[in-house]
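> Just dropping this structure here.
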Amino acid sequence: MPKRRLKRGSESAVRAKEKDMKQPEKYDMWSLAAVVLVMALCVVPLTAERSTSGIQHYKHIALKMDEALLTVHNELNTEVVVSWVSERCYQCLYQKLGIVAAGSRPGQPSSADFVVGTQHQITLQLNSTSAKTELCKVPFHFGEHGNYSLWVKNLNDSSVVNCSVVTDAEAVNSYIPILIAFVIFAGLSLLSAIGRTIYGLEVVRGILFRIGGSMETERLINSELGSPGRIVPPVTDNILPPPPSPSKRLRSLDTFRGISLVIMVFVNFGGGRYWFFRHESWNGLTVADLVFPWFVFIMGTSIALSINSQLRSGATRCSLLKKVLWRSIQLFIIGVIIINPNYCHGTLSWDNLRIPGVLQRLAWSYLVVACLDLLVARGHLDILTTDACWAPGLDILLYWPAWLCVLLLETVWLCLTFLLPVPECPTGYLGPGGIGDMGLYANCTGGAAGYIDRWLFGEKHIYQTPSSRVIYGTRMPYDPEGVLGSINSILMAFFGLQAGKIILHYRDVHTSIMSRFLIWGLLLGIISAVLTKCSTDQGFIPVNKNLWSLSYVTTLACFAFVLLVIVYYTVDVKKWWSGAPFYYPGMNSILVYVGHEVFEEYFPFRWSMVNNQSHAEHLTQNLVATSCWVLISYVLYRKRIFWKI
């Protein structure tokens, strides 16, 4: 009887299996096409999903983004402590990952599963619990959703411990969605360029005009509302109306502003949850660290051009100062509102109201730099083309009082940063605290910059989750838009003001403008190389966005001058590029920035995802949201709607 039952069960299982195998025949071609279309729109790599499912089924562990599965096999006769540290964590303590029991007997190791990060290379350290000695160190860069084994055993029955990593299941390529998105946007740009080229041909425009004219004539003849006595104006030889008079506004400046703004919006939406689209944990640079200083830089350039234009139109310095004050107050108030969104969820608590922020720093930088320019600006400027030996520095010497004020402010920053005593912290400390510096200064995050903000605003009124928590595990609140860093944001805006002065003094002399931009970029690059010693952590003043360090400003100003040369040459000099689509958000920068902050959680900027642990879905959502704001700015541009404060 048991055998008969087993046979019947096997037959039923076979029939069920055959039924399942035939099931896909019910799907028609339209269903398959719909599935393929949905997968293409979501830019989800099929291989990634299969690999992920395979890993989860193999180990029954659901891995999140930027995670991999590591199985440690211990053949030693002692327990092993597994610890890890990221390569991006400078002078950090090892963090305990777990303990693996001793092997039961030779050939039968004990095992333990751990989830490890995949964003950066990590170093695994294995220590013996009995002798408390280090057995080995293994540096390895794990791949997302990969499955790995770390074997710990004695080498050739000796006391030498061998540690080796074996790949059990290949990782998925999480960067494929970026490649697909790039190809899609590049293809759209290429199609747009081809379309504009074809439309610009006289033959094509003539055909379109004739088609349009014949259709209009037929509509008038067949229309019941058409009057028999209506006079149709004759068709002239002019295909298009005469072009408007050229504007003196430089498209390259709005394009530059739009580039920084679009990247900023994309990063704020999430950047596909890729680490290089997020702010660096402490020292160093990512894509996200570039855009805000560029926005401050181009704001300084706009200040120079705007104040000069208004002075030439007859405005008084006193009236301009009132406008500057009122605009700064508006920016500050708007900034405080949008970074404290608790009003959407209940009564706003004044106990934890954050005061510093992005727009607040823009307001402060704008106020100081605009006041300095009002102090020294001239309504009528001559083109500086003299042959004197001091002529190359004339655009600086003419405004020496403003330069003197900026140098004094920078001296204040240096003195406060390196000389201000901070309780229980070393003087001049620039580290992240936490587990950095071997954990000796865990509560000294930011040194003098963090201390001043906590003393001035209070711990509850500054940013509570700084980016240094990601790698360094800091627990102290720290605000990257704090008071001390605002001094260097003034310096960044002043470099932009200098770019504006170059444009004003060398107007229409394109070679002089571009050469001076490149000279400034070279000088600032040399200063950055000296300050950082061409390293991430070993320099006198490392590049640090959280601190807005001096080297950070000089480095980003160097990049800004070089990028401005490229945009200026392609947009305003050669006119190879119209600046689209970045030109449109650059014309409505405040509206786009405030709008994307306020409506971030609303459709179509955000929706419920099928798999919120997929880079592809996050990237799709963030790109759609950013594209929506570019489209909105284009519509507002066509409607001639601009929000200025």
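The values are calculated or read from the model by the stated rules, or taken from the named source; none is laboratory data. Treat the numbers as computed from the prediction; the structure is a model and nothing was measured. Cβ atoms come from the backbone with ideal geometry, glycine included; neighbour counts cover every protein chain shown. Just so you know, the surface numbers come from the protein's heavy atoms only, side chains and all, with ligands and any DNA or RNA stripped out. Shrake-Rupley method; radii C 1.70, N 1.55, O 1.52, S 1.80 Å.
> Quick check for you: with a 1.4 Å probe and neighbouring chains kept, what is the accessible area per residue of region 251-352, in Å²?
Numbers: 4320 Å² over 102 residues.
Value for region 251-352: 42 Å² per residue.
> Would you give the gap between the C-alpha center of region 103-121 and the C-alpha center of region 408-424, rounded to a whole Å?
Each part's Cα centre sits 48 Å from the other's.
> I would also like to ask the following. FRET efficiency for T167 and Q538, Cβ-Cβ distance as r, R0 = 35 Å, nearest 0.05? Intermediate results must be reported in sequence, preceding the final value.
Details: r = 33 Å, r/R0 = 0.96.
In this case the efficiency is close to 0.55.
> Moving on. For Q613 and V598 in one chain, what is 0.36 nm times their gap in residues minus the Cα-Cα distance, to one decimal in nm?
On the way: separation 15, 0.36 × 15 = 5.40 nm, distance 2.47 nm.
Separation in residues times 0.36 nm, less the Cα-Cα distance, equals 2.9 nm.
> Starting from the 7 Å offset along Cα-to-Cβ, what nm value, one decimal, do you get for the label separation of Q464 and S159?
5.3 nm
> Next question. Report, in listed order, any pair from K322/K644; K323/K575; K501/K575; K460/K644; K96/K460; K322/K545 with a Cα-Cα distance greater than 26 Å. Could the numbers behind the result be given before it?
On the way: K322/K644 16 Å; K323/K575 34 Å; K501/K575 22 Å; K460/K644 32 Å; K96/K460 31 Å; K322/K545 32 Å.
Listed pairs above 26 Å: K323/K575; K460/K644; K96/K460; K322/K545.
> Can you give me the three principal axis dimensions of region 538-577 from its C-alpha atoms, in Å, biggest first?
42, 16, 11
> Separate question: In whole angstrom, how far apart do the alpha carbon centroids of region 480-543 and region 173-208 sit?
Cα centroid of region 480-543 versus Cα centroid of region 173-208: 35 Å apart.
> List the trypsin sites (Lys or Arg not before Pro) in region 607-645 that DSSP assigns to loop (not H, G, I, E or B) and whose Cβ has at most 13 other Cβ atoms within 10 Å. Which are they? Numbers along the way, then the final one.
Numbers: sites: R638, K639, R640, K644; in loops: K639, R640, K644.
Hits after loop and neighbour filter: K639, R640, K644.
> If I model a spin label at S104 and W400 as a point 7 Å from the Cα along the Cα→Cβ vector, what separation in nanometres do I get?
Computed distance between label sites S104 and W400 equals 8.6 nm.
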